[in-house]
Amino acid sequence: MHPQADTLWRGPRWTLSLLLACLGMMGPFAIDTYLPAFAGIAADLQATPVQMQQTLSAYLAAFAVMNLFHGALSDSVGRRPVVLVAVLVFVAGSVGCALSSSIGQLVAFRAMQGLSAGAGMVVSRAIIRDLYPPVEAQRVMSQVTIFFGVAPALAPLVGGWLFVHLGWHSVFWLLAGLGLLLWLMMLQRLPESLHASQRQPFHPAHLLRGYWQMGTSLRFLALVVAGGVPFNGLFIYVLSSPAWLGDHLGLQPQQFFWFFVLSVSGIMGGAWWSGRLAGRVPRSRQVRQGFLIMGISTAVNLALNAVWAPHAAWALWPVACYAFGWSLIAPALTLLVLDEVPERRGMASSVQAFVGAMANALVAGVLSPWVMGSALSLALASAALMATGGLAWLWVKRQVAVQ
């Protein structure tokens, strides 16, 4: 922690949570706002479905690769400079997307967005742990997740409205405007939470030692997989939402928000409960409860899809319950990851985000197109992703007692 942590943010704790949530929203907001405009963009730019999928895959791949460096940079030069530069790059990428006249240009500028969008989530985790001890940090992370949950609910609704009334270019102009507003807020309010004495040398050999330390620690990697991969059990439904909601469930684009509202309600509910449990029950029990909820939701989802044709009346609820379970485990596992390497929390957050984002990119580019043709296939893929995280957690629990 910063030696003067209690003096760096004098406002209410929830105001810092809101600021950091806005910072973390860059990544998901840049995805969810343009999904309703997929068909319109494809028609306007004469792009095939595969080419349109690359606008998402390029974003996620760039997001994943650069996530390896956001935290390491923030360990060396400080949290604040990395955030300010990244948000400006995001604004520039959004403007480029808005001005794109070909699918190639759009893919390139989406990659530029991806290179910068991950900084908010990576660095904000490190900032929280810089300023707060473990129990308080879990409560702040839970608050951040609650505020953060608003983005997936509002983004497709806003994106769909803009697409219908102002065209798809307006979606990216909105992202540019919001990014500029966020940059001004960070410039004015964001403190530097990394004390000068805690900074790490930005030297290739030093960085490689850090990455090697984390990359060869099975315990560290298992915690990262346990916390990051199960998210994709939910994310695959977001990525496949045009096919799942439109083709399989028969919903109109303006009705897609029901899925996002229910899922986000699950995320916010799980985050709220995680904050309530902080300091009251061991984190290991909290994680076990979260995986139990995800497991039951997954089993119900599989059974319903195996027996009946998918219908919106029941298909959305198991996914929302799954979101609750994932959100319950996320703050606790994130803190366990960061505290594995306390002297390199930024880098640890980077590696965690990299693994999660690479999983996101693989799910978006490979798994989602492969399984989106069937609701049962989607349910099976979601179950496999959840099981991967669950097995990683069980392995960690057997190796070392996690409190």
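Nothing in this text is a laboratory measurement; each read-out follows from the coordinates by a stated rule. Please read these numbers as outputs of a predicted model, since none were measured by experiment. Positions of Cβ are backbone-derived with ideal geometry, glycine not excepted, and every protein chain shown enters the neighbour counts.
Overview of results
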{"quantity": "Contact order relative to length of region 8-399, as percent, for alpha carbon pairs under 8 angstrom and 6 or more apart", "calculated": "27 percent"}
{"quantity": "Alpha-carbon gyration tensor eigenvalues x 5, square-rooted, for the chain, Å", "calculated": "31, 26, 19"}
{"quantity": "Pairs of alpha carbons in region 1-65 whose separation is greater than 18 Å (percent)", "calculated": "57 percent"}
{"quantity": "Rounded to the nearest 20 debye, dipole of the chain from Cβ charges on Lys, Arg, Asp, Glu", "calculated": "1020 debye"}
{"quantity": "Reciprocal of mean inverse Cα separation for region 168-275 (Kirkwood radius, Å)", "calculated": "18.9 Å"}
{"quantity": "Rounded, prolate or oblate (a/c below 1.5 giving rounded, otherwise prolate when a/b exceeds b/c) for region 238-306 by Cα gyration tensor", "calculated": "oblate"}
{"quantity": "Cβ crowding within 10 Å averaged over residues, with 196-208, 29-41, 369-381, 334-346 ranked highest first", "calculated": "29-41, 334-346, 369-381, 196-208"}
{"quantity": "Extension gain (nm, one decimal) between residue 135 and residue 51, 0.36 nm per residue minus Cα-Cα", "calculated": "25.7 nm"}
{"quantity": "Sequence ranges 306-313, 116-123, 268-275, ranked by mean other-Cβ count within 10 angstrom, highest first", "calculated": "116-123, 268-275, 306-313"}
{"quantity": "Within the chain, helix-based [θ] at 222 nm, where runs of 4 or more DSSP H residues each add -39,500 (n - 2.57), nearest 500", "calculated": "-26000 deg cm²/dmol"}
{"quantity": "Label-point separation, residue 192 to residue 85 (7 Å along Cα→Cβ), nm", "calculated": "1.4 nm"}
{"quantity": "Furthest towards positive pole of dipole, 367, 119, 214, structure part region 8-399, Cβ charges", "calculated": "214"}
{"quantity": "Over region 107-247: Rg over Rh, Cα atoms, Kirkwood Rh", "calculated": "1.01"}
{"quantity": "Burial order of peptide ranges 70-78, 159-167 (average beta-carbon count within 10 Å, highest first)", "calculated": "70-78, 159-167"}
{"quantity": "Using alpha carbons only: equivalent-ellipsoid semi-axes of region 37-141, gyration tensor based, whole Å", "calculated": "33, 14, 11"}
{"quantity": "Selected from 107, 35, 319, residue furthest toward positive end of dipole (the chain; charges at beta carbon)", "calculated": "319"}
{"quantity": "Selection from 64, 45, 19 lying farthest towards where the dipole of region 8-399 points positive, charges on Cβ", "calculated": "19"}
